[in-house]
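The values are calculated or read from the model by the stated rules, or taken from the named source; none is laboratory data. On a predicted model such as this, the values are computed, not experimentally measured, just so you know. In this analysis, Cβ positions are derived from the backbone assuming ideal geometry, glycine residues included, and neighbour counts consider all displayed protein chains.
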Amino acid sequence: MSYNPGDCDMYARERELLQSIVSLLPSEKAALPINFICCLLRAAIFVRASNSCKNELEKRISVILEHVTVDNLLVMSFTYDGEKLLDLDSIRRIISGFMEKEKNMAVFSGGDFKETCSAAMHRVAKTVDSYLGEIATYPEFTISKFNGIAILVPKGARKVDDDIYRAIDIYLKAHPNLDEIEREKVCSVMDPLKLSYEARLHASQNKRLPVQIVLHTLYYDQLKLRSGADDQPDAAATRSGLQSDASLARENEALRSELTKMKLHISDMQKNKGSSAKRISAGAAAATSGSRKHTFFSSMSKTLGKLNPFKHGSKDTSHIDDSIAVGITKPRRRRFSIS
């Protein structure tokens, strides 16, 4: 479908055509291929179709969301050139619709929605987490949008949090200018105690994570070491590996702390650079002035030496005029000089 923003007539014709196609779709929600429905929804978003048209397509997708792949979700997320993210409200409504359906089914069957999750729920959770990892690199994908999608999945639907941890790590790497509080907000959708051993090992040495998350992973490993409950076949090897990994992580954290202190020290030095330069300049000026004074007194010493009547060792004053002799009260025995 080609769209020229300047051609309003074609824009209106394409919108009317799309809305007519959606109105003719069979009532059975799963009667059509999911990829076809996803393409229709992207077109509806692009041509700004009516809300009723988009809602119909979103409901059809949410009913069978457990069969939707990451590629299907990506189809609905990007512009036709693939350069920018579209409005992600449709994605949120689709996921919310599926979760609401699962909640109603759990209540109908007498189960607890938060405690027990169906296999379909687990598949959707994995798909959503993988989807977040795919779109995490885009600059316009803000923290609120990231968390807004991630929290739609109940925590019980994730058997382990490795997939959401991967998405978080990609997001932090793609947005390196986040401060500590912002990184903690991104990580708030993850439970560090539900990471696998490999993920905990990676997290304990991941300098992009906030310190609080790293400490949680280390604390969990220490608890497992004390209780003797290991999730690896070789318990002795696992215990030794966890101890060495924890030690390495603590050393890395100490280095990070020292590096932060060094950066602050360098920053303070740079702030005081101007005042130091002024003091150095003033000192140099004083030294130059002292040098000039030294040269002046040295020159005066030489001049006074020439006027010394005892310069050549003669102590006979009979040849000196009386007027000059009257001005000399005490003969000097050595040449006057200032070192």
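Points to keep in mind about this one:
- Meets criteria (crowded, with 21+ Cβ neighbours inside 10 Å, modelled with pLDDT of 90 or more and more than 15 Å from the chain's Cα centre (by Cα)) for L209: no
- Residue in segment 220-233 that is at pLDDT below 90, out of contact with any helix residue (DSSP H, G or I) (no Cβ under 9 Å at 6 or more places or on another chain), assigned to a loop (DSSP other than H, G, I, E, B) and of a type outside the set (A, V, I, L, M) present: yes
- Residue, modelled with the highest pLDDT, within segment 78-136, restricted to residues that are in a loop (DSSP other than H, G, I, E, B) and of a type in the set (S, T, N, Q): S118
- Scanning segment 14-53 for residues that are in a helix (DSSP H, G or I), more than 36 Å from the chain's Cα centre (by Cα) and among the small types (G, A, S) turns up S20, S23, S52.
- In the set (1) closer than 22 Å to K84 by Cα; (2) part of a helix (DSSP H, G or I); (3) among the charged types (D, E, K, R); (4) modelled with pLDDT under 95, E198 fails one condition alone, (1).
- Yes/no for L73 being over 26 Å from I135 (Cβ atoms) and in contact (Cβ under 8 Å) with a residue 24 or more places away in the chain: no
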